[in-house]
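Worksheet for the structure shown next.
Read-outs: derived from the displayed coordinates by stated rules, not from any lab. This one's a predicted model, so the numbers in the text were calculated from it and none came from an experiment. Cβ placement follows ideal geometry from the backbone for every residue including glycine, while neighbour counts extend to all protein chains displayed.
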Amino acid sequence: MGWFGLFAFLTIISVLSYQRASLNVWTLALAIFFAFVSRFTGFSVLSICLWILFFVIFIPLHFSSLRYRVITLPILRFYRKSMPTMSRTEREALTAGTVGWEGELFKGNPDWEKLFALPKPSLSIEEKSFIEGPVESLCAMIDDWDITHNLADLPPKMWEFLKKEGFFSLIIPKQYGGKEFSAYAHSQILLKVYGRSTTVGSTIAVPNSLGPAELLLHYGTEDQKNYYLPRLARGEEIPCFALTGPEAGSDAGAMTDTGVVCWGEHNGEKVLGIRLNFNKRYITLAPIATVIGLAFKMYDPDHLLGKHEDIGITCALIPRNIPGISIGRRHYPASIVFQNGPIHGKDIFIPVDWIIGGPEMAGHGWRMLMECLASGRAISLPASGIGGAKAFAFASGAYARVRRQFGVPISRFEGIEQVLARITGYTYIMDATRTFTAVMIDQGARPAVASAITKYHVTELGRLLAVDAMDLHGGKGICLGPKNYLARFYESVPISITVEGANILTRCLIIFGQGAMRCHPYLFAEYEAARQKNPQDKSKFCEDKETIIAFDKAFMGHLNFAFGNMIRTIVLSLTSGRIVKLQSQPFEKRYLQLATRFSSAFAMLADVSILVLGSSLKRKENISGRLGDILSYLYILSATLKHYNDQDRNTDDIPIVEWACQTCLFRIQEAFDEILKNFPNRWIAGILRIMIFPYGQHFSKPNDQLDHQIAQLISSPTSSRYRLAEGAFLSNVPGNMLSLLEDALIKSIQAEPIEKTIKTAIQDRVIRGSTIDEQAKTAYAQNIISKEQLTIVLEAEEARLKVIAVDDFATEDLARNIKKTSIKDTYATTRSTE
């Protein structure tokens, strides 16, 4: 019975842990096993020890009062000593929003049926009509060179068009005169516009993201909604939201902007109000705003509103024209000329009714902002990233095919193929991620962690993609002018990296930090139970029965969860996830199995990191950031497979999907490796490495053959190329370089076999000529090609030269234009729009 019994014992423990069995199932299974051992060994030392172990450990666990006193209470007291402190601002940020698919990934055993049960992204008839009508018309109007280089603003005609067509009312309900579009439609609209101009895209995005409209919809009083929302929908009011200041960027709690509750005069009457002093900067639309959403710290020293003196961060809505407000001159962010500037306020008095939501919402401003960011952050900035990405991918594929060096298209060089594959793969990943998150929002979620993942990774991949596209285009990309369709997007990338949660902060503190508290099935419940204060003595923690029961339930669940993940990780690592049973097609199934394996390992590593590092994990930002990377790429991998499924599993796209999935798995492996290399406890790190990678690391980057296949797809007029560019502005209108590139691509491909015939004739010394035009005409004269073939070659060459051309300027004109783009006095540049 020796080895067999040990094997049976370990098998039972493994199966129970893998299945995360309940305490009752554990007790029954072990009782049966120990009885079986006693039957064959009698009352041996082994069986006696097993029964003692059983009665000492498992039986007492079933007596709740004994367990609470002997086990739970000591653990609760120890937990309180080691748990991290959390400010009110941090807590409100961590608890904002809802939990979506990222919660499944934190469980270590994702329910993939839930993923594929989510509906496909779709547009209503009204949304399609708007995109095909006003949005197309707007994109046709855009001359980004004129906007950024000459006007430093949108033309007056465009401002009027935006207001008239309701571009500032995308999220406002129809009852207030708005469009009430879905999150997905909102994203699609911004995607198309951003692909034409970052300046125009940003102008539309802000009122529909963290502008006052979003806050009013969720928290405003009925009077505030009825007054402001129709005016915002009609464009009569231009909103901005002032949050950031010189001392408070990512750390909003450090803001020095104050509002003191006091009595004052408004419209000739004595009213209860707030005396405001503030200094804000980086505020988009501030130079032209007519109504200002303002975040400030509110104080009530005379207790006019209640018993608290320090009320907390509060949001109010203030008309621009009240005395004391000063709009500064414009900022000039990275040569992109969307309206942006500082706002100052000195001794401004406003009624307390101007607080968004009224006096009852005083002190709830940070929670309001975080909950709104949970949705808005997943739409506007990801749309800016994917808008540029789709344009870059579509342009780069065509340009690489028509641009020649050493007599061949540069798309045939392996180095360029690798760049094209990255551009294509990143675009697919970005599109899948932002689409997936938008669909969750349309299902009623406010996914705070998912929105942080989406914002961070879509903008970061956009940065990498922009660099690749510029490298591929060479001199074409760096010479500014009307023919340059890359440089302004390239310049604008740091803006999306910086705003609505700087990316370094988002990665190092938010994705895992907030994810652990919100998505872990037990951690937040433990923390909430442990932090309960004694109602009679607030200086002491509460230790009543309800608190102990709540902590016991969370802790025992956490214990079972952690032990189960440890066993699951070992089993799934040893089998490479192949034992995971899934109802999926073979292609997706393997990637889902691997994702399940890494999800379990992530859940285990997260628990070990929290246990070993405790409160110091907050300061271990690199480890936190890498844990966030694992969670993020599991989310992105899920989104990628969902996107492939939503697009009817088109087999033509398989090389792109494989590239995306392999990249995600490689990045996950990299993050695990970096955590284990830098984990403070080296013994635990060694054990974890054996558990997670028992055979070593074997996930690699996509290979050269896959890069070649993708490069061929994106540099030819394939269905994959057009699916990837879906949503971009490709219409054949004057000034749209994407349509000119597509025309050159098609004509060049049509001319390639004819040019091959001409090249053969040159090699045989039958004809001569220094240019393609000369060679083709000579070939026609010698009856090597037909008149029709000559026309095809000449038209292809004309189209090709048109798109590889760059702009040039006279020195005096260039100097004059550079002077024009120096940001002028605010009112001089914006008077026509007010």
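How high is the relative contact order of the stretch 395-501, in percent, counting Cα pairs under 8 Å that sit 6 or more residues apart?
Values: 79 pairs, mean separation 25.5, N = 107.
Once normalised by length, the contact order is 24 percent.
Applying a DSSP loop filter and a limit of 13 other Cβ atoms within 10 Å to the GluC sites (Glu not before Pro) in the stretch 160-251 leaves Glu236, Glu247. Inter-part distance, the stretch 330-377 to the stretch 461-490, computed on C-alpha centroids, equals 34 Å. Counting Lys and Arg as +1 and Asp and Glu as -1 over every other residue whose Cβ lies under 15 Å from the Cβ of Asp300, the net charge comes to -1.
Just the Kirkwood number for the stretch 504-625, please: inverse of mean 1/r across all distinct Cα pairs, in Å, one decimal. For the stretch 504-625, the Kirkwood estimate is 16.6 Å.
Taking +1 at the Cβ of each Lys and Arg and -1 at the Cβ of each Asp and Glu, which of Pro301, Ile548, Thr596 sits farthest along the dipole of the chain towards its positive end, judged by Cα position relative to the Cα centre? Projecting each Cα onto the dipole axis, the largest value belongs to Ile548.
Derived scalar couplings between HN and Hα for the stretch 541-555 equal 7, 7, 10, 6, 5, 4, 5, 5, 5, 5, 5, 4, 4, 5, 5 Hz in order, rounded to whole Hz, by the Karplus curve 6.51 cos²θ - 1.76 cosθ + 1.60 (θ = phi - 60°), x for Gly and Pro.
Largest first, the extents of the alpha carbon coordinates of the stretch 659-805 on the three principal axes equal 80, 41, 25 Å.
How large, in Å, is the stretch 57-156 by the Kirkwood hydrodynamic radius built from its alpha-carbon pairs? Write down the numbers at each step before the final one.
Working: mean 1/r = 0.0472 Å⁻¹.
This gives a value of 21.2 Å.
For the stretch 540-638, relative contact order (Cα pairs under 8 Å, six or more residues apart, normalised by length) works out to 24 percent.
Placing one identical point scatterer on every Cα of the stretch 248-370 and ignoring solvent, what is log10 I(q)/I(0) from the Debye formula at q = 0.16 Å⁻¹? With one equal scatterer per Cα and no solvent, log10 I(q)/I(0) is -0.77. Quick one: compute a quarter of the convex hull surface over the Cα atoms of the chain and quote it in nm². The Cα convex hull of the chain, projected and averaged over all directions, gives 43.0 nm². Given a cut-off of under 8 Å on Cα pairs at least six residues apart, what relative contact order in percent is computed for the chain? Worked out over the chain, it gives 16 percent.
A P(r) calculated from all alpha carbon pairs of the stretch 758-820, with 5 Å bins opening at zero, reads 4, 16, 19, 15, 10, 7, 7, 6, 6, 6, 3, 0 percent. Count Lys and Arg as plus one, Asp and Glu as minus one, and take only other residues whose Cβ is under 9 Å from that of Gly253; the net charge is then 0. Based on DSSP H segments of at least four residues, each scored -39500 (n - 2.57), the chain has a per-residue ellipticity at 222 nm of -18000 deg cm²/dmol.
To the nearest 20 debye, what charge dipole does the chain have about its Cα centre, counting +1 at the Cβ of each Lys and Arg and -1 at the Cβ of each Asp and Glu?
Dipole size: approximately 2020 debye.
If we count every other residue with Cβ under 13 angstrom of Ala400's Cβ, Lys/Arg +1 and Asp/Glu -1, where does the sum land? Result for the local shell: +3.
Of the listed pairs Lys390/Lys581; Lys390/Lys701; Lys192/Lys483; Lys163/Lys192, which have alpha-carbon separations greater than 25 Å here? Pairs exceeding 25 Å: Lys390/Lys581.
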